[in-house]
1. Picking from Arg189, Arg177, which residue would you name as being of a type outside the set (Ser, Thr, Tyr) and under 19 Å from the mean Cα position of the chain (by Cα)?
2. In the list Leu186, Leu208, Leu231, which residue meets the criterion of being touching a helix residue (DSSP H, G or I) at 6+ places or on another chain (Cβ under 9 Å), crowded, with 22+ Cβ neighbours inside 10 Å and touching a residue at least 12 places away in the same chain (Cβ under 8 Å)?
3. Please give the number of the condition Arg264 fails out of (1) on the phi < 0 side of the Ramachandran plot; (2) outside any helix (DSSP H, G or I); (3) touching a residue at least 60 places away in the same chain (Cβ under 8 Å).
4. Take Glu214 and decide whether it is touching a Lys or Arg at 6+ places or on another chain (Cβ under 8 Å), assigned to a helix (DSSP H, G or I) and of a type in the set (Asp, Glu).
5. Restricting to region 52-78, name every residue that is buried (at least 20 other Cβ atoms within 10 Å of the Cβ), farther than 12 Å from Leu29 by Cα and touching a helix residue (DSSP H, G or I) at 6+ places or on another chain (Cβ under 6 Å).
6. Could you tell me how many of the residues in region 46-91 are closer than 24 Å to Gly121 by Cβ and among the small types (Gly, Ala, Ser)?
Amino acid sequence: RRRPAALLTAARRQVRTLTTTDELESLLLRATAPTDEPLAPAHVAAVLGALASFVRSEDVDSPANPYRRLLHRLWTKLAERDWRTRFKALALLHCVLARAPPLDGAILRDAVAAMSRQPCGPTRCRYFSPGRLSVYDASPRAAFFSAYAAYVLRRARAFTSDLEELRVVAGRASTLRTEDVVAQLLKARKLLEAAGACRFPGGEDSALVAGCLELLLRDMRELLLLYGDCLRAVEASGAELFQGWGREDVRVLMTLFNSFYNQRYRALRRRLERGAARLARDFGRRVPTSMAGGGALLLGDVGPRLGEEGGGEDLDLDFLLRAGSPGEL
C-alpha cells in the first residue's frame with residue numbers, strides 16, 4: 001500500500017503533467033510517470049523528435065541552452081523518490097545519449113561533463129551526483145539501478161551517440177593520432193567493465209527494469225564487437241600508427257588491451273547470452289546475441305613491424321591510463 005505522502009506527491013505530479021504549458025516538460029512527465037509500465041517507445045521517439053528541433057549551441061553553461069535544459073529536467077526526474085520514475089528517467093537518458101544524431105550527441109556529452117561539476121538548486125547537490133543515483137529501498141533492484149546509472153553516466157562522458165568514436169578508430173586507425181586511439185580504447189575498456197558490473201536481480205518481475213536490462217545488453221554487444229574491431233585495426237596499422245614508439249612500449253600496450261579483451265570476452269558474452277535468454281523467457285523481449293566477427297584475439301606482436309628497436313620515445317602508461325578526454329576524432 002502506498003503511503004499518504006507518496007499519494008500526495010503522485011497527485012501533485014499528475015496535476016503538473018496536466019497543467020504545464022511547457023511541451024517538453026509535459027512530455028518528460030508523461031514518459032517518466034510512476035507506473036509499472038516500461039518506458040514507452042513512443043515517448044522515446046517524441047523526445048528524440050524534440051531534440052531534432054534544438055538550435056545547436058556549444059555554450060553548455062548557458063541556462064538557455066536547450067540541451068542543458070533537457071538534461072536538467074531529466075536529472076530532476078532521476079532525483080524523484082519513486083523508483084519507477086527513476087528507472088524510466090535513466091532509461092530515457094540512456095536512449096537519448098545512444099540515439100541522438102552525432103552532432104547533438106557531442107553537445108550532450110560536453111553538457112553532461114560540465115554540469116557534473118555544477119550544483120543543481122532543486123536537488124541540492126551537483127548534477128548527476130552518484131550519491132543521488134540510488135533507489136530508496138532495500139530491494140535487489142537497488143544495486144542494479146546504481147550500477148546501471150554508473151554505466152550510463154560513464155557512457156555519457158566517454159562517447160557520443162552510437163559509440164561513433166570507436167567506429168572511427170575501427171575504420172581508419174592508421175590515420176589518427178596514436179594518443180587519441182589509445183584514449184578511445186582505454187575508455188571502451190572502462191565502459192565494458194562498468195557494463196559487466198551490472199547484475200540483473202534474480203526474481204525481478206518488473207517489465208520496467210527488464211527494459212533497462214535490454215538497453216544495457218544491446219550496448220554491451222555493440223561494445224564487445226567494436227572493441228575487437230578496434231584492436232584488429234590497431235594491429236593491422238602496425239608501424240604506421242606507432243611511428244616513433246619503442247618496440248617494447250608497443251608490445252606492452254597491445255598486451256594490455258588484448259589480454260583484457262581475451263580475459264573478459266567470454267565472461268561478458270556469457271552475461272549477454274544469459275541476460276538475453278532471461279528477457280526472452282520471462283518478458284518476451286528479443287536481444288541479438290550473434291557476435292559474427294567477434295571472438296578472442298591472439299596476442300599480437302606489433303613490435304617487430306616497427307623501425308629500429310629503442311628508437312622511439314618511452315611509453316607513458318600513467319598518462320595513457322589517465323586519458324579520458326574525447327580526443328580529436
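1. On the way: Arg177 fails: under 19 Å from the mean Cα position of the chain (by Cα).
One residue alone meets the criteria, Arg189.
2. On the way: Leu186 fails: crowded, with 22+ Cβ neighbours inside 10 Å; Leu208 fails: crowded, with 22+ Cβ neighbours inside 10 Å.
Result: Leu231 is the single residue among Leu186, Leu208, Leu231 that is touching a helix residue (DSSP H, G or I) at 6+ places or on another chain (Cβ under 9 Å), crowded, with 22+ Cβ neighbours inside 10 Å and touching a residue at least 12 places away in the same chain (Cβ under 8 Å).
3. (2)
4. Details: touching a Lys or Arg at 6+ places or on another chain (Cβ under 8 Å): yes; assigned to a helix (DSSP H, G or I): yes; of a type in the set (Asp, Glu): yes.
Here the answer is yes, as Glu214 does meet what is asked.
5. Residues satisfying the conditions are Tyr67, Arg68, Leu71.
6. The qualifying residues number 6.
Here is a yes/no grid of residues against (1) in a helix (DSSP H, G or I); (2) surrounded by fewer than 15 Cβ atoms within 10 Å (Cβ to Cβ); (3) of a type in the set (Lys, Arg); (4) out of contact with any Leu (no Cβ under 8 Å at 6 or more places or on another chain):
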residue: Leu18; (1), (2), (3), (4): yes, yes, no, yes
residue: Glu25; (1), (2), (3), (4): yes, no, no, yes
residue: Val47; (1), (2), (3), (4): yes, no, no, no
residue: Leu93; (1), (2), (3), (4): yes, no, no, no
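No value in this document is a laboratory result; all are computed from the given coordinates. Remember, predicted model here, so these are calculated numbers, not experimental data. Note that each Cβ is placed from the backbone with ideal geometry, even for glycine, and that neighbours are counted across all protein chains shown.
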